């Protein structure tokens, strides 16, 4: 949806797919929830370093907050490329942790289920917890997903990226759940349970895992703060940085409430909000499915026509120029905008070849 509407923030999509009242409710909710999850992440950065290295919580949180501010002044495309490096690393680590947990080990599952059942739960049923957590993930990532989608011209690329990302999240959550369940007796009181498991496996591995988790927490914190600042500032870069710094400072102050307490209190509430958001997006996707497919084919044709300019074996004719203009006028986007974006994409691809 972000790619289809060429969005700069979640508001650009919501204004197109939902009733104005619903749009305002979700918009304000995403702004508030984005800020809440942001300062929970800042608190998590402090808890992460405190649990492994016994650093003061405020110090780890401060380092993460300062990194968010510093990185926000760098090139956006380069930032997203660097941040993406840590995703495959954590996938490999979590799969390795899960494999180590089960290979060559046996467990008293009756006792494990008994201990797990005694832990305080925000939801009365497992299925409700699963739906709530899935919705929470949607709230966490949707604003930045719309921004990233809006930076892509090819709808097919956005679709594949979303599908692969969703599948990877499913694998990570499943593996993490398996490892946490098997070790529930020893980690039930830890602020970051997975880190407690890793520390019991190997101290060196625990150090590596700690820094990887810190990088992912920073990744999430940066994405949330950037998307929030982008929404509030529009296209004014100077205003964006001022708002982002304000958000980071406020989030850092709020993080002193404590990571574990914040998670148990705020995450279930945000999950309910996510259910409303997912419902709106699902209805919008069903309604716009045919139009999205039409726009997808249209952009493919525009890219194919533009590529003729760089192909020595093909001639770019007046007919091609007229076709390119006609396709741009049929696009859901502003004709001049889509023409420029297609030209930029094709030129960048040719320069990289």
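Applying 0.36 nm per residue to the separation of residue 256 and residue 54 and subtracting their alpha-carbon distance, the gain on full extension is 71.1 nm. Quick check: the angle from helix 155-182's long axis to the longest principal axis of the chain, C-alpha only, nearest 10 degrees? Helix 155-182 sits roughly 10 degrees off the main axis of the chain. Computed over region 1-75, the P(r) tail beyond 21 angstrom holds 49 percent of alpha carbon pairs.
Multiplying the residue separation of residue 107 and residue 188 by 0.36 nm and removing their Cα-Cα distance gives an extension gain of 27.5 nm. When the convex hull of its Cα atoms is viewed from all sides, region 129-192 shows a mean projected area of 5.4 nm². The simple Förster model, with R0 at 22 Å and r as the Cβ-Cβ distance, assigns residue 296 and residue 349 a FRET efficiency of 0.80. The C-alpha atoms of the chain define a longest principal axis, and helix 57-71 lies at about 10 degrees to it. Spacing of the modelled spin labels on residue 75 and residue 127, each 7 Å from Cα toward Cβ, amounts to 5.0 nm. Binning all Cα-Cα separations of region 10-287 at 10 Å, short to long from zero, yields these whole-percent fractions: 6, 27, 36, 23, 7, 1.
Between residue 116 and residue 21, the simple spin-label model (points 7 angstrom out along Cα→Cβ) gives 4.2 nm. Principal-axis analysis of the Cα atoms of the chain puts helix 335-352 at an angle of about 70° to the longest axis.
Values quoted throughout were computed directly from the atomic coordinates according to the rules given, and no laboratory measurement underlies them. All of these numbers come straight from a predicted model, not from anything done at the bench. Here the Cβ is made from the backbone with ideal geometry for all residues, glycine too, and neighbour counts use every protein chain on show.
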